[in-house]
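Below is one structure, written out as structure tokens; comments come after it.
The values are calculated or read from the model by the stated rules, or taken from the named source; none is laboratory data. Small disclaimer: the values here were computed from a predicted structure and weren't measured. A quick note on method: Cβ atoms are made from the backbone with ideal geometry, for glycine too, and the neighbour counts reach across all protein chains shown. Keep in mind that these areas ignore ligands, DNA and RNA; they rest on the heavy atoms of the full protein, side chains included. Shrake-Rupley method; radii C 1.70, N 1.55, O 1.52, S 1.80 Å.
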Amino acid sequence: MSEQIVQIENVNPNDLYGANDQYLTMIKSFFPKIKIIARGDFIKIIGKDEEVEYFIKRLNLLVLHLERYGNISSKVVEDIMLCAGESDFIKNLNDSDVLVYGRNGLQIKAMTANQKLMVKASEEKDMIFAIGPAGTGKTYTAVALAVRALKNKEVRRIILTRPAVEAGENLGFLPGDLKEKLDPYLQPLYDALRDMLPQAKLQAYMEDGTIEIAPLAFMRGRTLDHAFVILDEAQNATQSQLKMFLTRMGRSAKFVITGDITQIDLPKNQPSGLPQASEVLKDVKGIEFIYLNEKDVVRHKLVTDIVNAYKKYYSNADSDIDTDNDNTND
């Protein structure tokens with residue numbers, strides 16, 4: 001006889017148990033030889049070792065289905081409880097391309113070639129840089145990788161950070177405490193997390209520090225162990241700030257640095273640290289640079305046209321400058 005306690009994670013246990021515990025009662029009926037006691041997020045199982053292990057495997061499949069599709073039914077419970085071996089039903093649940101099953105069964109995958117390179121690089125390297133224009137999914141893919149690592153217990157926490165640099169607007173006049181003033185800078189990170197985690201779970205993670213969102217300046221002096229850490233908008237980190245951040249890396253940590261060197265909002269007398277880092281660190285083992293481009297844009301199709309138009313404009317402007325310089329020299 002053995003006794004095990006399983007915690008239900010990533011889904012609402014009430015959805016798993018069903019209204020008036022109808023699904024829980026049904027699940028119990030398939031395992032008459034073991035004792036199953038559900039209390040909130042926890043389920044205690046008492047019985048023979050092999051029967052307890054089999055029950056846990058079936059329970060995990062139910063949770064996976066609920067995470068993937070956002071709901072279960074009596075038919076789903078029956079199919080999972082009765083199917084034997086690696087049936088097609090079970091194989092369909094295990095889609096290796098899915099990074100995270102988000103809210104309401106949203107499947108979050110790497111959508112483009114360079115996003116897939118980000119995923120592959122993050123599995124092989126402890127630090128990656130993802131550099132590219134707006135809309136290429138740098139931040140979204142990075143957050144999905146972080147949430148996956150947390151769900152798989154590869155890390156203990158997620159830390160998301162951004163430089164608090166104003167993109168042409170002045171937010172300093174806004175009322176409120178420090179968090180309320182900083183939240184506008186960090187909103188894209190909140191948006192990504194809301195896609196990938198149930199609101200109650202996200203709130204709990206934020207409250208207990210499992211997920212932390214903070215401005216880059218708050219990283220100084222820290223050592224970030226057992227964490228998946230993302231620096232977003234890294235083009236707005238100065239050279240000294242970026243070096244400071246990179247040296248925060250602790251044991252069993254993963255770092256992803258994302259940025260767009262065409263959208264630097266720093267004052268002209270403060271050079272961005274991102275172009276410097278891409279040159280200084282290009283040959284360091286354990287670090288990989290992924291360069292995304294307009295082919296990776298996954299927003300509205302107009303975003304690709306906008307990126308291309310600006311690219312062409314600046315290319316022509318640079319050519320005009322070169323021509324003027326040549327005429328001056330003549």
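Given the options E123, E154, name the one that is under 16 Å from A227 (Cβ atoms) and open to solvent by 60 Å² or more (accessible area, probe 1.4 Å).
On the way: E123 fails: under 16 Å from A227 (Cβ atoms).
One residue alone meets the criteria, E154.
Taking the residues in the range 136-151 that are assigned to a helix (DSSP H, G or I) and polar (S, T, N, Q) as candidates, determine which candidate is most open to solvent (accessible area, probe 1.4 Å). Residue satisfying both the conditions and the ranking: T139. Within the range 271-299, track down each residue that is within 17 Å of K254 (Cβ to Cβ), in contact (Cβ under 8 Å) with a residue 12 or more places away in the chain and among the β-branched types (V, I, T). Across the range 271-299, the qualifying residues are I287, I290. All of L16, L59 fail the test of being at pLDDT 90 or above, in a helix (DSSP H, G or I) and closer than 18 Å to A200 by Cα, apart from L16.
Every condition in (1) at pLDDT 85 or above; (2) among the small types (G, A, S); (3) under 30 Å from G70 (Cβ atoms) holds for G105 except the one numbered (1). Of all residues in the range 77-87, none satisfies being exposed (fewer than 14 other Cβ atoms within 10 Å of the Cβ), at pLDDT 75 or above and under 29 Å from K138 (Cα atoms).
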